[in-house]
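First comes the structure, then the notes that go with it.
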Amino acid sequence: MFDLIIRRARLVDERLVDIAIQDGKIAAVGEVAGAAKQEKVLDGTVWVSAGWIDSHVHCYPKSPIYHDEADRIGVATGVTTVVDAGSTGAEDIDDFWQLTRQAATQVYALLNIARTGIVTQNELADLSQIDNVAVRDALQRLPDFILGIKARISSSVVGQNGVRPLQIAKEIQRENGDLPLMVHIGNNPPNLDEIAELLTAGDIITHCYNGKPNRILTPAGELRLSVKKAIARGVRLDVGHGSASFSFEVARQAIAQGILPDTISSDIYCRNRIDGPVRSLAHVMSKFFSVGMTLPQIIDCVTWKAAEGLRLKRKGRLAPGYDADLTLFTFSDAPRPLDDSEGESVLGHHHFVPLAAVVAGQWNVTDEGKANHVFNV
C-alpha cells in the first residue's frame, strides 16, 4: 500500500497522470493501480511539477541585513527547497544548520567565503576575512547541508580588491572537489569581463539580467564576448532577482537572442518579500511570461535545471526513485502589475498560483491554497 496517491495531476506536457509516493520517494508516475493510506483526487485543472527549488534566497534569521524564515519563503509559497546564497560564513553556518532542522522546507546553503557571511555590505574588502581552512572544515562538518560556495564580486563588496577574492574562491573550490561556486555580479570595478574570464564549467553567474552598466549585454544590446565564451565553457546563468538585480529590458533583449537563464531564483528576503519587487518565487516566475519564456522553460528553471546546477541528484524530476517533492499550482489570468528592479512595470496576464507543496511526501497547503480553501483536508 502506498503512502499517498495523487490522481489526475496535470503535468506541464499536458498529460494527466497519477503519482504514487512511498517512504518519501516517488514510487510511480502514470496509471497507478492499488490503494494508498491517503489519496488526493484532482480535477485535471491543477498542475503538478517536481518541487520548486529557489536556488538563491536569504533565510538565516539572525542575519543583520538579509534575513527571513525558511518556511515563509518556502512551503508557504509552493517552494519545496531553498538554497541560502551566502548569508552565513564558516562562523555561523553551524547555527544556521541547527535552526533549519525544524523547517518543513528543505534548506541548503552556499557558504560565503568570508567567515562572517553578510554582516556588512563589504565582507570581501578585507582579505583576512577569507579563511580557506575554516571553509574546508565547515564543508567537512556539514557535507549534506553546504552545497557549494558564494562570492559576491562587485565594487561595494570587494572594495579595492578587484577580482582577488574571486581568485581565492577558485582556489577554495579546487581544494574542495570543485564544488559549485555562485558569483554575484553588480557594479564595477571589477569589470564583468575580468570576472567571466576566471569562471569555469559549473560556476554560476547570479543576477544575470541586472540593469547596471556592468551587465551581460553591451551598450548595443549584444552579449559580451567574455560572457559568451564563459557560457560556452559551461558557466551557468542564474536570475537572482532581488531588490536591485533584475531588468525587464535586459531580460527581454537577452532572451530574444536565445540567452535564457539556467535557473530562475528570487534572491528573496523579508524586505523585498513584503515591499517588493520580489514577493515570492512564483511572482518572479510569472515575470518570465512577459519576457518571452514558455511554461515548460520556466518550470525547467526551478526544477531539474536547479537541481542539476547544485548537484541535488534526487530532486527536480517527477520520476520513480526521486524525492517526493512536488508543487501543485494553477494560474490566474487577472491583469496584475509586475515590477522589475529598475522601476519598469509591465501588466502581467498570466500568474502562477501555488496551492500546495509536498516535501518528502509530506503535504503542506500554501497561503494561496488556504485563502482559496483548497486542500484543507
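The values are calculated or read from the model by the stated rules, or taken from the named source; none is laboratory data. These numbers were taken from a predicted model, which means no experiment stands behind them. Because the Cβ atoms are built from the backbone with ideal geometry, glycine has one as well, and the counts that use them run over all protein chains shown. Just so you know, the surface numbers come from the protein's heavy atoms only, side chains and all, with ligands and any DNA or RNA stripped out. Shrake-Rupley method; radii C 1.70, N 1.55, O 1.52, S 1.80 Å.
How many nm separate the modelled label positions at Gln167 and His349, each set 7 Å beyond the Cα in the direction of the Cβ?
A separation of 5.3 nm, rounded to one decimal place.
Using the Cα centre of region 123-175 as the reference point, and only Cβ charges (+1 on K/R, -1 on D/E), how large is the resulting charge dipole? Debye, rounded to the nearest 20. Don't skip to the answer; put the middle values down first.
On the way: 7 positive and 7 negative charges, 35 e Å.
Here the size comes out at about 160 debye.
Counting only protein heavy atoms and using a 1.4 Å probe, what share of the accessible area of the chain belongs to carbon plus sulfur, as a whole percent?
Values: 7130 of 14640 Å².
Carbon plus sulfur share of accessible area: 49 percent.
In the structure displayed, which of Lys212/Lys370; Lys25/Lys370; Lys315/Lys370; Lys313/Lys370; Lys62/Lys229; Lys150/Lys315 lie more than 29 Å apart, Cα to Cα?
Lys212/Lys370; Lys313/Lys370; Lys62/Lys229
With labels modelled as points extended 7 Å from the Cα through the Cβ direction, what inter-label distance (nm, one decimal) is found for Asp137 paired with Ala201?
For the pair Asp137/Ala201, the computed spacing is 3.4 nm.
At 0.36 nm per residue, and after removing the present C-alpha to C-alpha distance, how many nm does the segment from Ala232 to Arg271 gain when stretched out fully?
Working: separation 39, 0.36 × 39 = 14.04 nm, distance 3.59 nm.
Result: 10.4 nm gained on full extension.
Would you kindly state how much longer the chain becomes between Asp94 and Leu225 on full extension, computed as 0.36 nm times their sequence separation minus their alpha carbon distance, in nm to one decimal?
Numbers: separation 131, 0.36 × 131 = 47.16 nm, distance 4.04 nm.
That works out to 43.1 nm of additional length.
If I model a spin label at Asn122 and Ala319 as a point 7 Å from the Cα along the Cα→Cβ vector, what separation in nanometres do I get?
With each label point 7 Å from Cα toward Cβ, the separation is 4.9 nm.
Helix 164-175: angle to the longest alpha-carbon principal axis of the chain, degrees 0 to 90, nearest 10?
60 degrees
In what sequence, highest mean first, do 235-241, 185-191, 99-105, 200-206 appear when ranked by Cβ atoms within 10 angstrom? Intermediate values should be presented prior to the final figure.
Details: 235-241: 25.9, 185-191: 18.0, 99-105: 16.1, 200-206: 21.6.
With the highest mean Cβ count within 10 Å placed first, the list reads 235-241, 200-206, 185-191, 99-105.
Using Cα atoms only, what is the angle between the long axis of helix 132-141 and the major principal axis of the chain, expressed in degrees (0 to 90) to the nearest 10?
For 132-141 against the chain, the angle is about 20 degrees.
Let me know the charge dipole size of region 330-371 about its Cα centre in debye, to the nearest 20, where only the beta-carbon of Lys, Arg (+1) and Asp, Glu (-1) is charged.
Working: 2 positive and 7 negative charges, 67 e Å.
Its charge dipole is roughly 320 debye.
Tell me the mean residue ellipticity at 222 nm calculated for the chain from its helices only (DSSP H runs of n ≥ 4, each -39500 (n - 2.57), averaged over every residue, nearest 500). Walk me through the intermediate numbers first.
Working: 13 runs with 93 residues, N = 377.
Helix-only estimate at 222 nm: -6000 deg cm²/dmol.
Place a +1 charge on the Cβ of each Lys and Arg in region 51-310 and a -1 charge on the Cβ of each Asp and Glu, then give the dipole magnitude about the Cα centre in debye, rounded to the nearest 20. Before the final figure, lay out the partial values.
Details: 24 positive and 29 negative charges, 122 e Å.
It comes to approximately 580 debye.
Where the centroid of each part is defined by its Cα atoms, how far is region 197-224 from region 7-82 in Å?
32 Å
Going toward the positive end of the dipole of region 221-321, with +1 on Lys and Arg Cβ and -1 on Asp and Glu Cβ, which of Ala251, Pro296, Gly221 do you reach last?
Pro296
Given the chain, report the % of alpha carbon pairs whose separation exceeds 29 Å.
Values: 27541 of 70876 pairs.
Value for the chain (Cα pairs over 29 Å): 39 percent.
Considering only DSSP beta bridges whose two residues both sit in region 1-84, what percent are antiparallel, to the nearest 5?
Expressed as a percentage, antiparallel bridges in region 1-84 total about 50.
For the full complex of protein chains and a 1.4 angstrom probe, list Lys229, Lys150, Lys313 by accessible area with the highest value first. Please report the intermediate quantities before stating the final value.
Working: Lys229 115, Lys150 5, Lys313 170 Å².
Ranking Lys229, Lys150, Lys313 by accessible area, largest first, yields Lys313, Lys229, Lys150.
With a probe of 1.4 Å, find how much accessible area region 51-310 has per residue, and write the answer as a whole number in Å². Could the numbers behind the result be given before it?
On the way: 8870 Å² over 260 residues.
Each residue of region 51-310 exposes 34 Å² on average to a 1.4 Å probe.
Nearest 5 percent is fine: what portion of the DSSP beta bridges confined to region 51-310 is antiparallel? The partial results should precede the final answer.
Details: 2 of 28 bridges.
Given both bridge residues lie in region 51-310, the antiparallel proportion sits at roughly 5 percent.
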